[in-house]
Amino acid sequence: MNTRNPVLVELKRGDMVESTHAGAFAVLDADGSVALAVGDIDRPVYPRSANKALQALAMVDSGAPERLGLTDEELALACASHGGEPEHVRTAASMLAKAGLDAGVLECGAHWPYDEAAARALACEGAQPNPLHNNCSGKHAGFTCLGCMMAQGADLRGFMSGYVQPGHPVMREVTAALEAVTGVKLHDAAPRGTDGCSIPTYGLPLRALALAFARWGTGIGLREGHARAAERLRRAIAAAPFMVGGTGRFDTVVMDRLRGRVFCKVGAEGMYCAALPQRGWGIAIKMDDGNNARACEVVMAALIEAFAPLDDAELSFMRRLSELRMRNWNGIEVGVLHASRALREAVKPLASH
C-alpha cells in the first residue's frame with residue numbers, strides 16, 4: 001500500500017486524535033483535466049460496487065428499459081448496493097419477471113439483508129435469505145435484462161448460465177462499456193479479481209474512475225448510446241434514490257436531499273465514486289485501510305460539501321456528515337470523526353461556496 005497518501009480523516013476522542021485514515025482521491029472533468037488530485041491517483045484499485053452505474057450502461061443502451069418496461073425504481077436498483085428491504089426484494093423480482101425469469105437465475109449468492117429491520121423480520125418468519133436479498137441483486141437482475149436483449153430468441157435461462165464469468169457474452173458487453181467510459185483496456189490488460197457477487201472486478205486508477213464519472217454525469221466524451229443511457233440512469237436515480245441504498249444508507253440519504261445535483265455510490269474496501277453533473281466533475285476515492293462508513297463517507301461528504309451547489313441548510317446537512325459526532329451506548333458524545341485539516345485545505349481553492 002502506498003504510504004505516501006495523506007491522512008484524510010481523523011477520529012478525535014477527548015484530548016487527542018485516537019485514529020487516522022489515509023487515502024487518495026481524484027476530481028476530474030469530462031475532458032480528462034484534473035481539477036484536484038490528493039495522494040496517488042494512478043495506482044490501480046478495485047472499484048468494487050462503486051462502479052455499478054457504469055456497469056448498468058450496457059443494459060440501458062441495449063434498449064431493455066423500453067422493451068421490458070423498466071421503471072425508475074428498477075433502473076435505480078440496477079445501480080444499487082441495497083439493504084435488502086422488502087421494496088428492494090420486490091423490485092429485483094419484478095425486473096426478473098419482466099425478463100421472463102425468477103431468482104433461480106441469479107448467480108450473485110445469498111446473504112442476510114444489510115438492513116437490520118429487514119433481517120430481523122426475515123428471521124422472525126423463519127425464512128432464509130435468497131439471492132434477491134443480496135445487495136447486488138438489482139445489478140444482477142439488470143444483467144439478466146441485458147441477456148434478454150442479447151439472447152435473440154434462444155433459451156434465456158440457458159443463455160444466462162455462467163453469466164458472471166469474464167468470457168460470457170453478457171459480461172463481455174458490460175466490460176466493453178467500462179472500457180469505453182474509462183478509456184482503459186481491461187481484458188488481459190488490467191489487474192483482475194473476483195468481486196463479492198462473483199463477477200470480475202478490474203484494477204483501475206482513480207484518475208480513470210473520476211474521468212468515467214465525469215463523463216457519466218455529463219454525457220461528454222461518451223458515444224451517443226451511452227450518453228443517452230447515462231442520462232436515463234441519472235433521471236431514474238434522482239427519482240428513486242431509496243433504491244440505490246435504503247433506509248439510513250449514506251447514498252440514499254444524500255441523494256434524497258440533493259437529488260440530481262449529486263450521484264454517489266459506495267464500493268467495498270474504502271471505495272467511493274461520485275458525479276457532480278452541474279460542476280461537470282467526477283470523483284473517485286480510495287481509503288488505504290479499506291474503511292468505508294467510518295472514513296470514506298466522511299471524505300465524500302467533505303467533497304460534496306465543498307463542490308456541489310448547496311444552500312446554507314444543505315451545507316449544514318453535509319457538514320454533519322463530514323464532522324460526524326460519535327456517541328456511546330448511553331448517548332453520550334465521546335468524539336468526532338472529521339475531515340482532516342489537510343483535506344479541508346486541499347479543497348478550499350476549488351470550493352463553490
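Just so it is clear, none of the values below were taken in a lab; they were calculated from the coordinates. This one's a predicted model, so the numbers in the text were calculated from it and none came from an experiment. Cβ coordinates were reconstructed from backbone atoms using ideal geometry, including for glycine residues, and neighbour counts include every protein chain displayed.
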- Query: By how many degrees, between 0 and 90 and to the nearest 10, does the Cα long axis of helix 312-322 differ from the longest principal axis of the chain?
  - Reply: 90 degrees
- Task: Among the listed pairs LYS139/LYS348; LYS98/LYS286; LYS12/LYS265, give every one whose C-alpha distance is greater than 30 Å.
- Result: LYS139/LYS348; LYS98/LYS286
- Restricting attention to the chain, give the cysteines that have no other cysteine Cβ less than 4.7 angstrom from their Cβ. CYS79, CYS124, CYS145, CYS148, CYS264, CYS273, CYS296
- Task: Quick one: which residues, 5 or more positions from GLU107 or on another chain, have an amide H under 5 Å from its amide H? H modelled 1.01 Å from N in the peptide plane, none for Pro or chain starts.
- Result: none
- Message: Once you keep just the Cα pairs under 8 angstrom separated by 6 or more residues, what percentage relative contact order results for the stretch 200-273?
- Response: 19 percent
- Query: Over the stretch 269-353, one equal point on each Cα, no solvent: what is log10 I(q)/I(0) by the Debye formula at q = 0.14, 0.17, 0.21 Å⁻¹?
  - Reply: -0.51, -0.73, -1.05
- Query: Going by a ≥ b ≥ c, the root eigenvalues of the Cα gyration tensor, does the stretch 1-158 fall in the rounded group (a/c under 1.5), the prolate group (a/b larger than b/c) or the oblate group?
  - Reply: oblate
- Message: Relative to 2.2 N^0.38 Å, what does the C-alpha radius of gyration of the stretch 1-72 come to as a ratio? Two decimals please.
- Response: 1.71
- Task: May I ask for the equivalent-ellipsoid semi-axes of the chain, computed as the square root of five times each C-alpha gyration tensor eigenvalue and listed largest first in whole Å?
- Result: 32, 24, 18
- For the chain, what does -39500 (n - 2.57) per DSSP helix run (n ≥ 4), summed and divided by total residues, give at 222 nm, in deg cm²/dmol to the nearest 500? -11500 deg cm²/dmol
- Burial order of peptide ranges 145-153, 200-208 (average beta-carbon count within 10 Å, highest first): 200-208, 145-153
- Message: Could you work out the relative contact order of the chain? I mean the mean sequence separation of Cα pairs under 8 Å and 6+ apart, divided by the number of residues, in percent.
- Response: 24 percent
- Item | Peptides 13-26, 116-129 ordered by average Cβ neighbours within 10 Å, highest first | 13-26, 116-129
- Task: Calculate I(q)/I(0) for the stretch 45-124 by the Debye formula, one identical point scatterer on each C-alpha and no solvent, and give its log10 at q = 0.11, 0.13, 0.14 Å⁻¹ to two decimals.
- Result: -0.33, -0.46, -0.53
- Please identify, among TRP281, TRP216, TRP112, the residue showing maximal mean-square fluctuation in a Gaussian network model of the chain using a 10 angstrom Cα cutoff. TRP112
